[in-house]
Amino acid sequence: MNHPFIRVTILSAIFSLFLSLTSVYAEKITVGEIVRELGTIEAKVIKVSDGRYLVNMGTENNVKKGNLWTLYSTGEQVIEPITGKKLGVLPVSLAIGKVTRVEKHFSEISIECFKEACNIKSGLAAKRYREIKAMFQDVNGSSYLLYELIRSKLPSLDWQGYQCIENPSDVSQLPEGVVIVADKEKVTIWSGGEILSVYDEMTSARSLPQPALTQSTLPVTERKESDRKQETVAGPPGIMIPGLSTNLKIENYRAVASIDYRVNNLGIIEPDRAKTPYFIYLSNKTLYAQAIGAGESYQYVYKGFGDVVNMSLGPNGLIALNIYVQGEGMNSRILKFTTDGFTVLTKGIEYILEFLDMNGNGVNESLIGQDFDMESFFGSGVFRLVVDDSGRITQHDSLATPKGFNLFGAIMADLDRNEINETAYYNPGRKLVVYEASQQKWESQSSFGSIKSMLIDDIVNESNAPRDVPVWPQSVLFSVDDALFAVVPANQAGIWGMVGGSAKNGRLGLLCPNNGTYAFRFLTTKFQGPVQSIFTYDNELYIAVVEGNAFTGQGKTHILAVPMNVLKESIK
């Protein structure tokens, strides 16, 4: 059933924004990634002295464990019988090679001959995903258009057709082939019995405009507290999760703008002390900057093979871009945004990076880095980092964190103002926990949904299945009297959210110090889509909510705002 975000009419507009960039089809952003993932590339076979076989391509060519190659002999010349002209060579397929181990410049393959014996030797041509059997399996039959689009883009595969199945457990494998499983919520690609990729934000089979900021479709009312006009939307009644504290009622949300696309992260930057702020938002592998109330716009495209996990905005136009490269680890980078556009200050950073507000002043002034751990992904080494104007990063003090600490979405500040910093983060059970020093002070009774998940390889034991690592949105700190409060995205953790998909519905919660422990109070408004980002600007709390299908990419991102004084008054 199609649920619009809020069924109302435009009464006014706060901003009139449009991103004047060349239109592209959405399929080029994410369906294009699948096409590249399963596209044909050519390599050469290398037979090593102990009888093993390699191809001369590795991680730098985006080769992954489970990739399938057809191995060809030279074949015979094809000669035109009347003219005698040589038309070319017709290669003969000998075997399928499945990648079992990947290094930077080469990959090891196992051989499955088409006949009982085949003479595999060095120098033979190996073509990835050429004449490899492929099957599209559609759970509940909702992705036939996606099947048609992918099949039309990948004619080199030997398509075995389309199959509608009832649930994911009915998936059948092709041991020497490719299986694409689409299930409304997720698209999984299996290759040679291995999970090759999982996409939780697929594009549509229809062409969509490039992400654009437009007028919001939410209503407006007159704001009584000031002369500034403000849009208002009343949220539906909240549902209190048993065991948590009472809800907070806030109704006067201001509709700011909409983006005609689903984005991963969003924030505002004032570059070079300029008076014109810019929306900065991340969609797939591209950063966009759009001036508010003006026509200037910029974009930065990451062209590497890694997964752009998320972004974090810091002071003075700094942006931390977390990038994970399969088989290698973190390859993050720091960018700076000015009125001249994006500049890469430094790259190849082996940390998970986040800019955090550690004193509650509303500025994410502290750059925190967490080691990449080869076994558990989240390393125990957590440091305060400093980046200078040239992009050089230096490691300063080490920060004590609890075992299993996850920097994504973490809070590190003295919440109860007792001169001992608290550390709040999401544990492996997806619950929010608060530690003071090494002592756990509080744990949420319910689990929360992440905004994204990513798969990471086990570098130590390559036979293990990839791990599903959730990525959490950042919280916002603000002070009331002698305590710090945290506004936390409290997205609903549905079934798919627990196994790697994005959350279904979004809410906000307030983490409150409470007589030596903590309380968690939900705001009554529930959004028909997850909260992707929250941040403060000009004494307002901004909320980015996405709607639509997380797996087809159809939908919008809505930007709302509520005055901070309204939020503060609600908790008194």
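The values are calculated or read from the model by the stated rules, or taken from the named source; none is laboratory data. Just so it is clear, the model here is predicted, and its values are computed rather than measured. FYI the Cβ positions are ideal-geometry reconstructions off the backbone, even for glycines, and counts take in every protein chain you see.
Check Val325, Val344, Val309, Val301 and return the single one that is touching a Gly at 6+ places or on another chain (Cβ under 6 Å) and within 25 Å of Glu33 (Cα to Cα).
Val325
Touching a strand residue (DSSP E or B) at 6+ places or on another chain (Cβ under 9 Å), more than 30 Å from Gly51 (Cβ to Cβ) and buried (at least 17 other Cβ atoms within 10 Å of the Cβ): does that describe Gln137? The answer is yes for Gln137. Reported count of residues in region 75-99, each being without any contact (Cβ under 8 Å) to a residue 60 or more places away in the chain, β-branched (Val, Ile, Thr) and part of a strand (DSSP E or B), is 4. Among the numbered conditions (1) closer than 22 Å to Asn322 by Cβ; (2) over 25 Å from the mean Cα position of the chain (by Cα); (3) of a type in the set (Gly, Ala, Ser), the only one that Gly449 does not meet is (2). Residues that are at pLDDT below 85 and among the polar types (S, T, N, Q): does region 489-504 have at least one? Scanning region 489-504, I find at least one residue that is at pLDDT below 85 and among the polar types (S, T, N, Q), so the answer is yes.
For region 374-431, give me each residue that is assigned to a loop (DSSP other than H, G, I, E, B), within 30 Å of Asp481 (Cα to Cα) and among the acidic types (Asp, Glu). Answer for region 374-431, where residues must be assigned to a loop (DSSP other than H, G, I, E, B), within 30 Å of Asp481 (Cα to Cα) and among the acidic types (Asp, Glu): Asp414, Asp416, Glu419.
For Lys65, the conditions (1) of a type outside the set (A, V, I, L, M, F, W, C); (2) surrounded by 22 or more Cβ atoms within 10 Å (Cβ to Cβ); (3) out of contact with any strand residue (DSSP E or B) (no Cβ under 8 Å at 6 or more places or on another chain) are fulfilled apart from (3). Looking at Lys127, Lys104, Lys85, just one residue is among the charged types (D, E, K, R), touching an Asp or Glu at 6+ places or on another chain (Cβ under 6 Å) and over 23 Å from Pro155 (Cα atoms), and that residue is Lys104.
Which of the residues that make up region 105-126 are among the acidic types (Asp, Glu) and buried (at least 18 other Cβ atoms within 10 Å of the Cβ)?
Glu108
If the condition is being closer than 14 Å to Glu131 by Cβ and part of a strand (DSSP E or B), then region 174-192 contributes only Val178. Contact annotation: residue pairs with Cβ atoms under 6 Å, 6 or more positions apart or on different chains, pairing a residue in region 114-128 that is touching a residue at least 60 places away in the same chain (Cβ under 8 Å) and within 19 Å of Pro175 (Cβ to Cβ) with a partner that is aromatic (Phe, Trp, Tyr) and surrounded by 12 or more Cβ atoms within 10 Å (Cβ to Cβ), are Ala126/Trp69; Arg128/Trp69.
Do we have Ser438 as modelled with pLDDT of 80 or more and surrounded by 15 or more Cβ atoms within 10 Å (Cβ to Cβ) here?
No.
Between Leu415, Leu407, Leu367, the distinction of being of a type in the set (A, V, I, L, M), farther than 28 Å from Phe305 by Cβ and in contact with a strand residue (DSSP E or B) (Cβ under 6 Å, 6 or more places away or on another chain) belongs to Leu415 only. Inspection of region 290-303 finds a residue satisfying the criterion of being of a type outside the set (D, E, K, R) and touching a Pro at 6+ places or on another chain (Cβ under 6 Å). How many of the residues in region 153-169 are in a strand (DSSP E or B) and charged (D, E, K, R)? Number of matching residues: 1. Would you check if there is a residue in region 287-303 being surrounded by fewer than 19 Cβ atoms within 10 Å (Cβ to Cβ), more than 21 Å from Ile259 (Cβ to Cβ) and either acidic (Asp, Glu) or free of Cβ contacts under 8 Å to residues at least 24 places away in the same chain (or both)? The answer is yes; a qualifying residue exists.
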